[in-house]
Amino acid sequence: HFMVLEHLDLVDNEDGGATVLGNVLKDTPQHLQEPCLVAFELMKFGLLSGEPFVELPDRRFPEQVHYPTPETATERSKGILLLCRVMSLVPMKLKNDMWNADVDFDLAAFHSLVRILKRTLRQL
């Protein structure tokens, strides 16, 4: 387990003490530790930002979602994207009922990255 913590830069490899991120995670309430760890790792890779995702030339985003491009995104829309992405990392308590709302295109794309990261972290 210590090697995993060392690879995640939560434990210093020289003296075995906690790094700044390790101390922050240690002081985080238990129910928020996993979302915070995921947020730290996303920040390390530059994936936790308010920048809209860029479409690939051969895989265009559907016109119906009106997804902003990096050129058309305003500071307000970037802030909203960042806030929604951060808050989506915290587990929700849902009613025991069928989902009856729209699915947000940006959060669906963001959580595909989150799933990949969580799967990788579990395999370390």
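Exposure here means at most 11 other Cβ atoms within 10 Å; with trypsin sites (Lys or Arg not before Pro) in a DSSP loop as sites, the longest stretch of the chain lacking them is 1-59. Give, as a single signed number, the net charge of other residues whose beta carbon lies under 14 Å from the beta carbon of PHE105, with Lys and Arg counted +1 and Asp and Glu -1. With Lys, Arg at +1 and Asp, Glu at -1, the net is -2. With R₀ set to 35 Å, the beta-carbon distance separating ASP15 from LEU113 gives a calculated FRET efficiency near 0.60.
May I ask you to derive the relative contact order of the chain, considering only C-alpha pairs under 8 Å and at least 6 residues apart, and to give it as an integer percent? Write out the running numbers ahead of the final one.
Numbers: 80 pairs, mean separation 26.3, N = 124.
Relative CO of the chain lands at 21 percent.
The string of couplings for segment 102-113 from the Karplus curve (6.51, -1.76, 1.60, θ = phi - 60°) is 5, 9, 7, 4, 5, 5, 5, 5, 4, 6, 5, 5 Hz, one whole number per residue in order, with x for Gly and Pro. Counting only residues at least eight positions apart within a chain, or on another chain, the aspartates and glutamates with an alpha carbon under 19 Å from that of LYS44 are GLU6, ASP9, ASP12, GLU34. Site pair THR28 and VAL103 shows an inter-label distance of 2.7 nm when each label is modelled 7 Å from Cα along Cα→Cβ. For ALA18, nonlocal amide neighbours, meaning residues 5 or more places apart or on other chains whose placed amide H falls under 5 Å from its own, are ASP12.
Counting Lys and Arg as +1 and Asp and Glu as -1, what is the net charge of the other residues whose Cβ lies under 15 Å from the Cβ of ILE80? Spelling it out: positives minus negatives among the neighbours equals -1.
Net charge dipole, the chain: roughly 420 debye, given to the nearest 20, about the Cα centre with Cβ charges of +1 for Lys and Arg and -1 for Asp and Glu. Comparing GLY16, HIS31, MET3 along the charge dipole axis of segment 1-60, the residue lying farthest to the positive side is HIS31, per the Cβ-charge model.
Here the 3J(HN,Hα) profile of segment 38-43, calculated from phi with Karplus coefficients 6.51, -1.76 and 1.60 at θ = phi - 60°, is 5, 4, 4, 5, 4, 5 Hz, Gly and Pro shown as x.
Using the rule -39500 (n - 2.57) for each DSSP H run of four or more residues, divided by the residues of the chain, the 222 nm mean residue ellipticity is -14500 deg cm²/dmol.
So what is the accessible area of the chain per residue, in Å², with the probe set to 1.4 Å?
Values: 9790 Å² over 124 residues.
For the chain, the per-residue accessible area is 79 Å².
Rounded to the nearest whole Hz, the Karplus-based 3J(HN,Hα) values (6.51 cos²θ - 1.76 cosθ + 1.60, θ = phi - 60°) of segment 58-72 follow the sequence 8, 9, 6, 6, x, 4, 5, 7, 6, 6, x, 9, x, 7, 9, with x at glycine and proline. When volume of the Cα convex hull per residue in Å³ is calculated for this entry, the matching label among [x] 167; [y] 138; [z] 124 is [x]. Each part reduced to its alpha carbon centroid, segment 82-101 and segment 1-74 end up 18 Å apart.
Expressed as a whole percent, the accessible surface of the chain that belongs to carbon and sulfur atoms is 59, based on a 1.4 Å probe.
The values are calculated or read from the model by the stated rules, or taken from the named source; none is laboratory data. Everything numeric in this text was worked out from a predicted model, so none of it was measured. Virtual Cβ from ideal backbone geometry, glycine too; neighbours counted across all protein chains shown. To get the accessible areas, we keep the full protein, side chains included, count just its heavy atoms, and leave off ligands, DNA and RNA. Shrake-Rupley method; radii C 1.70, N 1.55, O 1.52, S 1.80 Å.
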